[in-house]
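Reading through the structure tokens given below for one structure.
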């Protein structure tokens, strides 16, 4: 097994264990990020999708946060005290006894843009739904190659659907229709994905191309909310995204 697969296997196993033990304690956690995406896909085992993933990203309900913090303490996790105090109630960072970083998002994913996650806790799966998972990548303003790889991986492996059996395009379009900033960044990243296609093997290009066309069409054609329309008048004259907090490693 290649080194990247070994790293991912370790991260997945540790993430599964955390979620399973938390559920035994009555805490409903959901995985997202690179581990979450790879739990929903299979092509990550092959180039060009086999990038290393080391961190664990999870989502929790606000009402379960006190129980989660007690659970982390019981497990011997170390916290980023200053960061957590500054972001209490929205995002927290802990480290497992093995030194693996665990990023916790409370009911919403908030980085460059906000992705609501409350819907995620209605399912029995280990991860947030594929629609929200894709949006956590489409919301990145300063995309790196790893982000485009993950976007293409999801579009290659998962069907574009109107329910949560795949990438629920209705959910993607609805969330973007209420936030002009997110809509603008997501459209830009889908266009970047189109230019990234040339780096993919020929057998993957058509799958990804077909998927992003369906998603793009749905995002553009969905009726926009009043707030979206009002913000669109201002356009890019003012910044439409947040600069995510940089958190240096310990």
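Every number here is computed from the coordinates shown, using simple stated rules; none is lab data. Please read all numbers here as calculations on a predicted model, not as lab measurements. Here Cβ is always computed from backbone atoms with ideal geometry, including for glycine, and neighbour counts include all displayed protein chains.
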Could you order the peptides 12-23, 70-81 from most to least packed, using the average number of other C-beta atoms within 10 Å per residue?
12-23, 70-81
Residue 236 paired with residue 67, simple spin-label distance in nm, labels 7 Å along Cα-to-beta-carbon:
4.6 nm
Using the Cα gyration tensor of segment 173-246, the equivalent ellipsoid's semi-axes, largest first and to the nearest Å, work out to 27, 16, 9
Rel. contact order, % - alpha carbon contacts under 8 angstrom, at least six apart, segment 3-237:
17 percent
For the chain, what is the mean residue ellipticity at 222 nm derived from helices alone (per DSSP H run of n ≥ 4: -39500 (n - 2.57); sum divided by total residues; nearest 500 deg cm²/dmol)?
-15500 deg cm²/dmol
If you stretched the chain out fully between residue 20 and residue 108, how much longer would it get, using 0.36 nm times the residue separation minus the C-alpha to C-alpha distance?
29.6 nm
Rounded to 5, percent antiparallel among DSSP beta bridges of the chain:
60 percent
R0 = 35 Å: FRET efficiency of residue 85 with residue 206, Cβ-based, nearest 0.05?
0.10
To the nearest 10 degrees, how steeply does helix 202-221 sit against the main Cα axis of the chain, on a 0 to 90 scale?
80 degrees
As I understand it, the value is the acute angle between the Cα axis of helix 145-157 and the longest principal axis of the Cα atoms of the chain; what does it come to in degrees, rounded to 10?
80 degrees
Can you give the angle from 0 to 90° between the axis of helix 3-24 and the longest principal axis of the chain, with both taken from C-alpha atoms, to the nearest 10?
70 degrees
Cα-Cα pairs above 32 Å in segment 3-237: how many percent?
20 percent
